[in-house]
Amino acid sequence: MNASSSSYNDAWLTYAWTRWLRGYARGGAIVDYACGVGVNGAIVAGLARQSVVGVDRDGGCLAESRRRGLTVVRADLTSPLPVRPGTTDVALLIHAIEHVPDAGPLLASLAATLTPGGALVVVTPDWNRSASWFYDDPTHCRPYTASSLADVLETAGLRVRVLTHHNVGYRLGRSGIWKVFKSLCFTGDGLFAIAESAGRDR
């Protein structure tokens, strides 16, 4: 990951945490699934001021995640999840769902790990904006639109609270700040969703 993409993640996750997510962190676990080298998990750990568990199947990625301060667990998302039911306040699934042929069982398992009213965060390319390049990554196997993402989350028993495009620039208008972030961010071709487990009124 280069400096620009890291800065993009930092800007977007800081915005999303401040606006939507920090109220979900109530003493339970925060778990970053398919954490890769731990960039997102480390950002969220700093924002939440608590440790984050990183789950990935790649030992090299986990070593880098550990170096960034994550508590790491080696596991594949197609296997039983290594997290007890009802213990996670915030689960992150960032640019991972599109790599899973059938996300239904995975999402149901993730929903079961959440505390009452806990949040699952999903980031994935929007097929309506990424069709020209989506399959350039040969590991991509299942694209989503806003509608199909909402459907699969709700089928898993989750309630969609936020569904937007993950570009902080849209929220900043056309100010000078926008011009800075535009050079760091994607052009809004990804979907960002927050889906809750049952048990929370907001």
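The values are calculated or read from the model by the stated rules, or taken from the named source; none is laboratory data. Because the structure is a prediction, the values reported are computed rather than measured. With ideal geometry, Cβ positions are generated from the backbone for all residues, glycine too; neighbour counts draw on all protein chains shown.
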* Return a yes/no flag: does the stretch 84-96 have any residue that is in a helix (DSSP H, G or I), of a type in the set (Ser, Thr, Tyr) and modelled with pLDDT of 95 or more. => no
* Residue match in the stretch 128-141 (condition: at pLDDT 95 or above, hydrophobic (A, V, I, L, M, F, W, C) and exposed (fewer than 15 other Cβ atoms within 10 Å of the Cβ)) -> yes
* Structure fact -> The condition of being buried (at least 22 other Cβ atoms within 10 Å of the Cβ) and either acidic (Asp, Glu) or in contact (Cβ under 8 Å) with a residue 40 or more places away in the chain (or both) holds, among Tyr15, Tyr33, only for Tyr33
* Val44 being at pLDDT 95 or above and touching a Phe, Trp or Tyr at 6+ places or on another chain (Cβ under 6 Å) -> no
* Do you know which of the residues in the stretch 110-138 that are within 24 Å of Gly23 (Cβ to Cβ) and polar (S, T, N, Q) is farthest from the chain's Cα centre (by Cα)? -> Thr115
